[in-house]
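See structure below.
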Amino acid sequence: MIKAAITGWGGYVPNNQVNNHFLTTIVDTSDDWIKTRTGIKTRYISTGENTSQLALKAAAQALKQSNLEAADLDLIIVATVTPDSFTPATACLVQAELGASKAFAFDVTAGCSGFIYGLNIAASFIENGKVKNALVIGAEVLTKVTDWTDRNTCVLFGDGAGAVVLQPSYYKGILASYCGSAGDKEGLLTIPAVPVRNPFVSEQPAASVISMQGQKVFKFAVKAMRKSIDKVLEDGNCKFADIKYVIPHQANTRIIDFVARKMRVDKQKFYRNIESLGNTSAATIPLAFNEMLSQGLLNKGDKIIMVGFGGGLTWGAVLVEL
């Protein structure tokens, strides 16, 4: 049976590193308050680079790692909630800049779960033989939709992009996958888009910035992550002891710790880099994956779980053998 294997990876963040002390100059907060509640010390913030530009740099690394040329690609997926434009899609902009003339390209909007959704979609194309070489990117410039007057949210977010190349394999790859969603009727985590504006509408539109009900999102996240991990372990006929690392969405270090405690497993198996990068939404998982490989933490044959949750509400996981 054909599987979708990861054969290339890359990551990129802007060169503008911003620490907590800077944030104390623009909102009523403190370094200790931020670290205690989120685990974040620094994040990287764009000084002008847009989402497609971050995505391109991560993509170039992934292609080099996989020994592929852009012309070899059949599919490009960009997971993002901060596209350069509604149309063309960010994936199409990446395709054009890479020169991937053979590939078809589209964006996935599934919040912080977007990269997991993208992996699932690309893997399905590979498994059914429609695609041979796929590029999946999680890329965000979240700081362009951040409310910089809201001390509860503006301390959380950073910008960045991570990418992987998927190719067919009979021996390794994505062993199990799972995605779920539940329409966010309560508005727990939202970013309003273009409002209805025409001669027949007079209401004042809402600002296009991130709004979040933190406590409710926390409870949702813990439940969704546990459910997703259990599901791919069951479907992949694996036990948690078989897993080298879990790579979770980096939203809040307390969420990660709470999930490990609820599952009664070693929290050291849950990789985290939120301390230095903050929450980069769809980019957190591929950025962490790239970082782990760069540090030699992962080896051929290791089994890992990537698990995410986000606006939508959405959630999902993949079990991968490297």
Of the residues in the stretch 5-38, how many are crowded, with 19+ Cβ neighbours inside 10 Å and outside any strand (DSSP E or B)? 6
Do any strands (runs of 3 or more DSSP E) lying entirely in the stretch 241-322 carry at least 3 residues that are more than 11 Å from the chain's Cα centre (by Cα), and which ones are they? 303-310, 314-321
By residue number, the members of the stretch 267-288 that are of a type outside the set (Ser, Thr, Tyr) and out of contact with any helix residue (DSSP H, G or I) (no Cβ under 7 Å at 6 or more places or on another chain) are 268, 269, 275, 278, 279, 283, 288
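Scan 273, 299, 290 and give me the residue that is of a type outside the set (D, E, K, R), surrounded by fewer than 22 Cβ atoms within 10 Å (Cβ to Cβ) and under 21 Å from residue 111 (Cα atoms).
Numbers: 299 fails: under 21 Å from residue 111 (Cα atoms); 290 fails: surrounded by fewer than 22 Cβ atoms within 10 Å (Cβ to Cβ).
None of the others qualify; the one that does is 273.
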The condition from (1) over 23 Å from the mean Cα position of the chain (by Cα); (2) within 28 Å of residue 291 (Cα to Cα); (3) at pLDDT below 95 that residue 169 misses is numbered (3)
Kindly check whether there is at least one residue in the stretch 228-245 that is in contact (Cβ under 8 Å) with a residue 12 or more places away in the chain, over 28 Å from residue 64 (Cβ atoms) and touching a Lys or Arg at 6+ places or on another chain (Cβ under 6 Å). yes
Any residue that is touching a Lys or Arg at 6+ places or on another chain (Cβ under 6 Å) and not hydrophobic (A, V, I, L, M, F, W, C) - is there at least one of those in the stretch 124-131? no
Looking at this structure, is residue 130 surrounded by fewer than 21 Cβ atoms within 10 Å (Cβ to Cβ), under 21 Å from residue 95 (Cα atoms), basic (Lys, Arg) and out of contact with any helix residue (DSSP H, G or I) (no Cβ under 8 Å at 6 or more places or on another chain)? yes
Somewhere in the stretch 215-232, is a residue at pLDDT 95 or above, in a loop (DSSP other than H, G, I, E, B) and surrounded by 19 or more Cβ atoms within 10 Å (Cβ to Cβ)? no
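The values are calculated or read from the model by the stated rules, or taken from the named source; none is laboratory data. If you're wondering where the values come from, they're calculated on a predicted model, not measured in any experiment. In this analysis, Cβ positions are derived from the backbone assuming ideal geometry, glycine residues included, and neighbour counts consider all displayed protein chains.
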